[in-house]
Amino acid sequence: MWQFETITEAFEYYYDKLDSQVESGNGTKALYNQIFTIVDTSEKIVKTPWRKFKQDYAEKEWEWYLSKNRDASEIAKVAKIWYNHMDERGYVNSNYGWQWNRNDQLQYVIKELQRDKYSRRAVLSIYDGKEHSEYSKDTPCTLSIQFYYTPDSDKLHMTVIMRSNDLWFGFCNDAYCFLKLHELVANALESKQGFYTHYAQNLHIYERHYGKKV
């Protein structure tokens, strides 16, 4: 498992590694079963100059998550890719705020860790194979998010597990929102943030992002 100080370091390391891979045959270059930890969770922005990360958009996505509204018609005006994932109602499955509030998952996580600091049940479930019939337009990329403490630290740690993760947009924007969520849960528990561990079964870049490093 690799360890990076910031998400910027992780992005730059994996971009170089991915861009040097042989194309997988479906318009991507991919690495499999990648796991790494971010130490400094206070830095939520990828600062790589040639990535040109748009914090204003990432913040809009975070606010959309907080709304718990799976209607993507407004966010699609900012990022047109959402039009590809909307059903006939304008709904998507990848509003993670809607997902983690289903059945009060987020409140359950907070209460569970208040009940038992070392609980192994403080997990948010996103992708659900039992709902595959609902995924014709939009399949969530995130499987789960788990929060936990360890005996050697009073800080709240977080582990995110992804079935599929586009490094250029997916990782950069998701990491911003995941770290905001990490902060939200830590504040609710009156705790400091610990490590952010990220596991991607398929970490990739698309053809349009090959050779972008300048």
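In Å, the Kirkwood hydrodynamic radius of region 52-145 over pairs of distinct alpha carbons? Its Kirkwood hydrodynamic radius stands at 14.4 Å.
How high is the FRET efficiency from Asn33 to Arg208, r the C-beta distance, R0 30 Å, rounded to 0.05? Calculated value: 0.75. Ignoring lysines fewer than eight residues from Lys111 along the same chain, the ones with Cα atoms less than 24 angstrom from its Cα are Lys68, Lys155, Lys180, Lys192. A 1.4 Å probe run over the protein chains yields, for region 66-214, 51 Å² of accessible area per residue, whole-number rounding. Most fluctuating residue of Asp138, Asp166, Asp152 in a GNM of the chain with Cα springs under 10 Å: which is it? Largest GNM mean-square fluctuation: Asp152. If you plug the beta carbon distance of Lys47 and Ser133 into 1/(1 + (r/R0)^6) with R0 = 35 Å, you get a FRET efficiency near 0.30.
The 1.4 Å probe gives accessible areas that order Glu61, Glu131, largest first, as Glu131, Glu61.
In straight-distance terms, cross-link reach from Lys29 covers every one of the lysines whose alpha-carbon lies under 22 Å from its own, apart from those fewer than eight places away in the same chain; here that gives Lys17, Lys52, Lys212, Lys213. Restricting the calculation to Cα atoms, every distinct pair contributes to the Kirkwood radius of the chain, found to be 17.9 Å. Counting only aspartates and glutamates at least 8 places from Lys77 when in the same chain, those with an alpha carbon closer than 13 Å to its own are Glu61.
Please find the FRET efficiency linking Asn103 to Asn187, where r is the Cβ-Cβ separation and R0 is fixed at 30 Å, and quote it to the nearest 0.05.
Efficiency, rounded to the nearest 0.05: 0.85.
Taking the accessible area of region 114-214, probe 1.4 Å, and keeping the other protein chains in place, the carbon and sulfur fraction comes to 47%. Expressed as a whole percent, the accessible area of region 23-103 that falls on carbon and sulfur atoms is 47 (1.4 Å probe).
The values are calculated or read from the model by the stated rules, or taken from the named source; none is laboratory data. Everything numeric in this text was worked out from a predicted model, so none of it was measured. No Cβ is skipped: glycine too gets one built from the backbone with ideal geometry, and neighbour counts run over all protein chains shown. Areas reflect the complete protein model, heavy atoms only, side chains present, ligands, DNA and RNA absent. Shrake-Rupley method; radii C 1.70, N 1.55, O 1.52, S 1.80 Å.
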